[in-house]
């Protein structure tokens, strides 16, 4: 018997940030801010909106799956054969916001993409924190 369900891998990055969820939400959803910490994009915070992220190495094709302002944002992330989903979850805390990002859907044969995401997302988070620290 052949198992048609393939185990997939996920990358999870979580941070406690000393900023209100509304501020972090803006950085996750406003293209001019997204560009400062992630990539250029034509993102719109609208369900089913198709958009892409562009960088010097190429582009990522995306589509908004779910959106709940200041709480959760989910979109597909497709590039170079990778079909994944990125989900952001914002949870208010006593000191700010707990921000969780999960990119799921890496197949076992996609180690390069998986390892790249494991290295890349913490860097993006660091850049996001810098953007949050200097914006109102």
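The values are calculated or read from the model by the stated rules, or taken from the named source; none is laboratory data. Since we're looking at a predicted model, the values are computed, not measured. Quick reminder, even Gly has a Cβ in these numbers, built from the backbone with ideal geometry, and neighbours come from all protein chains shown.
Could you please find all residues in the stretch 5-30 being within 15 Å of residue 98 (Cα to Cα) and under 11 Å from the mean Cα position of the chain (by Cα)?
Once the filter is applied, which keeps residues that are within 15 Å of residue 98 (Cα to Cα) and under 11 Å from the mean Cα position of the chain (by Cα), the stretch 5-30 yields 12, 13, 28.
Could you check the stretch 86-136 and list, in sequence order, the residues that are closer than 12 Å to residue 9 by Cα, assigned to a helix (DSSP H, G or I) and touching a residue at least 40 places away in the same chain (Cβ under 8 Å)?
114, 117, 118
How many residues does the stretch 25-54 hold that are within 25 Å of residue 135 (Cα to Cα) and in a loop (DSSP other than H, G, I, E, B)?
Result for the stretch 25-54: 8.
Looking at (1) closer than 28 Å to residue 112 by Cα; (2) over 13 Å from the mean Cα position of the chain (by Cα); (3) surrounded by fewer than 16 Cβ atoms within 10 Å (Cβ to Cβ), can you tell me which one residue 48 breaks?
The failed condition is (1).
Just checking, how many residues over the stretch 55-74 are in a strand (DSSP E or B) and out of contact with any helix residue (DSSP H, G or I) (no Cβ under 9 Å at 6 or more places or on another chain)?
So the count comes out to 13.
Return yes when residue 104 is closer than 29 Å to residue 18 by Cβ, loosely packed, with under 13 Cβ neighbours inside 10 Å and either at pLDDT 95 or above or under 14 Å from the mean Cα position of the chain (by Cα) (or both) and no when it is not.
In short, no.
Given the criterion touching a residue at least 24 places away in the same chain (Cβ under 8 Å) and out of contact with any helix residue (DSSP H, G or I) (no Cβ under 9 Å at 6 or more places or on another chain), identify the matching residue among 83, 35, 22.
Only one candidate qualifies: 22.
Can you tell me how many residues in the stretch 107-121 are exposed (fewer than 12 other Cβ atoms within 10 Å of the Cβ) and in contact with a strand residue (DSSP E or B) (Cβ under 8 Å, 6 or more places away or on another chain)?
1
Looking only at the stretch 64-72, decide whether some residue is free of Cβ contacts under 8 Å to residues at least 60 places away in the same chain and closer than 27 Å to residue 111 by Cβ. I'd like the intermediate steps shown before the answer.
Step one: list which residues in the stretch 64-72 are free of Cβ contacts under 8 Å to residues at least 60 places away in the same chain, which gives 64-72.
Then drop every residue that is not closer than 27 Å to residue 111 by Cβ, which leaves 65.
Yes, the stretch 64-72 contains a residue that is free of Cβ contacts under 8 Å to residues at least 60 places away in the same chain and closer than 27 Å to residue 111 by Cβ.
Can you tell me which residue within the stretch 24-38, out of those that are touching a strand residue (DSSP E or B) at 6+ places or on another chain (Cβ under 9 Å) and surrounded by 17 or more Cβ atoms within 10 Å (Cβ to Cβ), is nearest to residue 127 (Cα to Cα)? Before the answer, list the steps.
Our first condition is that a residue be touching a strand residue (DSSP E or B) at 6+ places or on another chain (Cβ under 9 Å); within the stretch 24-38, this holds for 24-25, 28-29, 31, 34-35, 38.
Adding the requirement that they be surrounded by 17 or more Cβ atoms within 10 Å (Cβ to Cβ) leaves 24-25, 28-29, 34, 38.
Numbers: 24: 12, 25: 15, 28: 12, 29: 15, 34: 10, 38: 8 Å.
So the residue we want is 38.
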